[in-house]
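The values are calculated or read from the model by the stated rules, or taken from the named source; none is laboratory data. Predicted model only: the values in this text are computed from it and were never measured. Neighbour counts run over all protein chains shown; Cβ positions are idealised from the backbone, glycine included.
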Ligand SMILES: *Cc1c(COP(=O)(O)O)cnc(C)c1O
């Protein structure tokens, strides 16, 4: 491997993967791996999915890019599909998660300005991750990714996650608060799952104080938790929701959806993107979303998620190495009582691709198309490694 021309942003690479098919990946030496990471919650339909390949081929043979100066039929089609699924009103398409969040932050600020709040505050949470651009890095509540990048933007306050009482106090003390921006489950932060009614309480609080509820579903969206969006577990709708990762199954696309008053904020000239919403990515994402919904992958992700939790609990609960096993759908974390950094390489040596986040949490983000047999294989490989720690 010769990485001499690359900036050192990612540390040593785990393997050189050259081919994928379904839930399997192969490296340059022909070794096969079971994928329990999906390229970090991206390839929900697995690799080389025939429907996705067909959509890619169709659009490659038609039109890749024309700019948003022109009507883009697949963009309109994907917008209508997402509106139907989400209960939201309107969408702006970006090329990444961070950019979708940038759009959400700009909506909140413009909304505040219209209301005469000229110096608005967005509340975000400790342990959160919202992206690597300056505004989303400011919103992020993790000093590890922020260190060295000051000065940050003004207009952000961090509150403790899953703590409605403290948030209430913060909102009461700060009349300039205009929005609450939150992940339904903190992904990068270690698969932190709040109380079942957390989003409902945030919804009520935001209604009471006329604040925008902005949900970052970049990781939890697109079927990951067993609903298309995780907020659908709570029977609420946010004012703004962002997603990205699994939306394009590997093509770069993000979306910022808004409802009601938040959907009317942007006017011509307020926001834009050269690539965002291009025919290629939106045509493919439209097919991806269609497969997630119509192939019953939401119900499958829910059931398979329950299976993983049950089997991990059977194999691991009570072990001193294991602090907690938690998950919703196919967003699963096994928190160890020690650093988990060696697990990635050990799993790789046994033919399994997993990830570690937040130091001690083994994170599983298997494709939505994973079978029960493949899930069982994942459990047995990891259980063997963890028991031997
Ligand atoms: C990955 C992620 C982002 C950033 O998305 P990028 O596409 O890397 O910019 C933002 N928020 C959450 C919750 C994420 O998981």
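Residue pairs whose Cβ atoms lie under 7 Å apart, sitting 6 or more positions apart in sequence or on different chains, and linking a residue in the stretch 117-137 that is within 22 Å of residue 169 (Cα to Cα) to a partner that is within 7 Å of the ligand (Cβ to nearest atom), are 124/130; 128/183.
Looking for something touching a residue at least 12 places away in the same chain (Cβ under 8 Å), over 16 Å from residue 219 (Cβ atoms) and assigned to a strand (DSSP E or B) - is there at least one such residue anywhere in the stretch 310-321?
No, the stretch 310-321 contains no residue that is touching a residue at least 12 places away in the same chain (Cβ under 8 Å), over 16 Å from residue 219 (Cβ atoms) and assigned to a strand (DSSP E or B).
Within the stretch 49-106, the set of residues being without any contact (Cβ under 8 Å) to a residue 60 or more places away in the chain and not in a helix (DSSP H, G or I) comprises 61, 69, 70, 71.
Yes/no per residue for (1) free of Cβ contacts under 8 Å to residues at least 40 places away in the same chain; (2) in contact with a strand residue (DSSP E or B) (Cβ under 7 Å, 6 or more places away or on another chain); (3) within 15 Å of the ligand (Cβ to nearest atom):
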site: 243; (1), (2), (3): no, yes, yes
site: 276; (1), (2), (3): no, yes, yes
site: 279; (1), (2), (3): no, no, no
site: 283; (1), (2), (3): no, no, no
site: 299; (1), (2), (3): no, no, no
site: 306; (1), (2), (3): yes, no, no
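Here residue 217 meets each of (1) in contact (Cβ under 8 Å) with a residue 60 or more places away in the chain; (2) within 20 Å of residue 101 (Cβ to Cβ) with one exception, condition (1).
One residue stands out among those in the stretch 124-136 that are within 11 Å of the ligand (Cβ to nearest atom) and more than 26 Å from residue 164 (Cβ to Cβ): the one that is surrounded by the fewest Cβ atoms within 10 Å (Cβ to Cβ), which is 132.
Criterion first (surrounded by 13 or more Cβ atoms within 10 Å (Cβ to Cβ) and under 19 Å from the mean Cα position of the chain (by Cα)) does residue 160 satisfy it? Step through it out loud before you land on a result.
Details: surrounded by 13 or more Cβ atoms within 10 Å (Cβ to Cβ): yes; under 19 Å from the mean Cα position of the chain (by Cα): no.
No, not satisfied.
With respect to (1) buried (at least 20 other Cβ atoms within 10 Å of the Cβ); (2) more than 18 Å from residue 238 (Cβ to Cβ); (3) within 11 Å of the ligand (Cβ to nearest atom), the lone exception for residue 141 is condition (3). Beta carbons closer than 6 Å, at least 6 apart along the sequence or on distinct chains, pair a first residue in the stretch 252-269 that is closer than 28 Å to residue 64 by Cβ with a second that is away from the ligand (no atom under 16 Å from the Cβ) and assigned to a strand (DSSP E or B) for 255/91; 257/91; 258/90.
Just name the residue that is nearest to the ligand (Cβ to nearest atom) out of those in the stretch 245-269 that are part of a loop (DSSP other than H, G, I, E, B) and under 15 Å from the mean Cα position of the chain (by Cα). Checked the stretch 245-269; the qualifying residue nearest to the ligand (Cβ to nearest atom) is 252. Does residue 235 satisfy the criteria of being assigned to a loop (DSSP other than H, G, I, E, B), more than 16 Å from the ligand (Cβ to nearest atom) and either within 19 Å of residue 367 (Cβ to Cβ) or modelled with pLDDT under 95 (or both)? No; evaluated as a whole, the condition is false for this residue. Scanning the stretch 4-48 for residues that are touching a residue at least 12 places away in the same chain (Cβ under 8 Å), in a loop (DSSP other than H, G, I, E, B) and away from the ligand (no atom under 16 Å from the Cβ) turns up 13, 14, 15, 16, 23, 28, 31, 36, 45, 46, 48.
Of all the numbered requirements in (1) within 15 Å of the ligand (Cβ to nearest atom); (2) under 24 Å from residue 282 (Cβ atoms); (3) touching a strand residue (DSSP E or B) at 6+ places or on another chain (Cβ under 7 Å), residue 184 misses one, and that requirement is (2).
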